[in-house]
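The structure appears below as structure tokens.
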Amino acid sequence: MHIVHVHVHVKPEFVDDFRAATLENARNSVLEPGVARFDVVQQADDPRRFVLVEVYQSAEDAARHKETAHYPVWRDRVAEMMAEPRVGVKYTSVFPAPTGWD
């Protein structure tokens with residue numbers, strides 16, 4: 001499994017707009033082949049901070065995600081909303097096993 005946690009810090013005036021745009025992107029992303037999960041979480045004590053938890057079957061699936069029609073729309077739409085550049089951190093799954101992500 002190829003897992004990416006994308007840490008995003010949003011400007012205060014864009015929290016609601018960022019959330020709406022990101023939910024639209026996530027709803028489309030979970031429909032892609034090779035996507036096991038696409039979670040959007042918002043920090044409880046600082047609502048300007050989000051983490052996108054993206055779980056793919058492979059690194060190739062993650063690369064294909066960026067080639068979809070909806071990804072560049074999201075990327076361009078939220079670019080000005082970020083207080084700083086987003087940071088993606090890549091992981092591999094220790095548990096559950098790949099079949100446990102279904």
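The values are calculated or read from the model by the stated rules, or taken from the named source; none is laboratory data. As the structure is a prediction and not an experimental result, all values here were calculated from the model. Glycine gets a Cβ as well: all are built from the backbone with ideal geometry, and neighbour counts include every protein chain shown. Heads up: the accessible areas ignore ligands, DNA and RNA and are worked out on the full protein's heavy atoms, side chains in. Shrake-Rupley method; radii C 1.70, N 1.55, O 1.52, S 1.80 Å.
Some values worked out for this structure:
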| item | result |
| --- | --- |
| With Cα atoms, 0 to 90° folded angle of helix 15-29 axis to the chain main axis | 20 degrees |
| Efficiency of FRET between residue 57 and residue 77 - r from beta-carbon atoms, R0 25 angstrom, step 0.05 | 0.40 |
| Estimated inter-spin distance, residue 30 and residue 7, nm [label 7 Å along Cα→Cβ] | 2.6 nm |
| The chain - accessible surface per residue (Å², probe 1.4 Å) | 60 Å² |
| All-pairs alpha carbon distance profile, the chain, 5 Å steps from 0, percent | 2, 13, 23, 26, 18, 11, 6, 1, 0 |
| Heavy-atom accessible area order for 18, 95, largest first, 1.4 Å probe | 95, 18 |
| Carbon plus sulfur fraction of accessible area for the range 3-85, probe 1.4 Å, in percent | 52 percent |
| Environment charge of residue 42, counting only residues whose C-beta is closer than 12 Å and scoring Lys/Arg +1, Asp/Glu -1 | -1 |
| Which of 1, 81 is most accessible, then next, and so on - probe 1.4 Å | 1, 81 |
| The range 52-84 versus the range 1-28: alpha-carbon centroid distance in Å | 9 Å |
| Highest average packing first - 52-58, 69-75, Cβ atoms within 10 Å | 52-58, 69-75 |
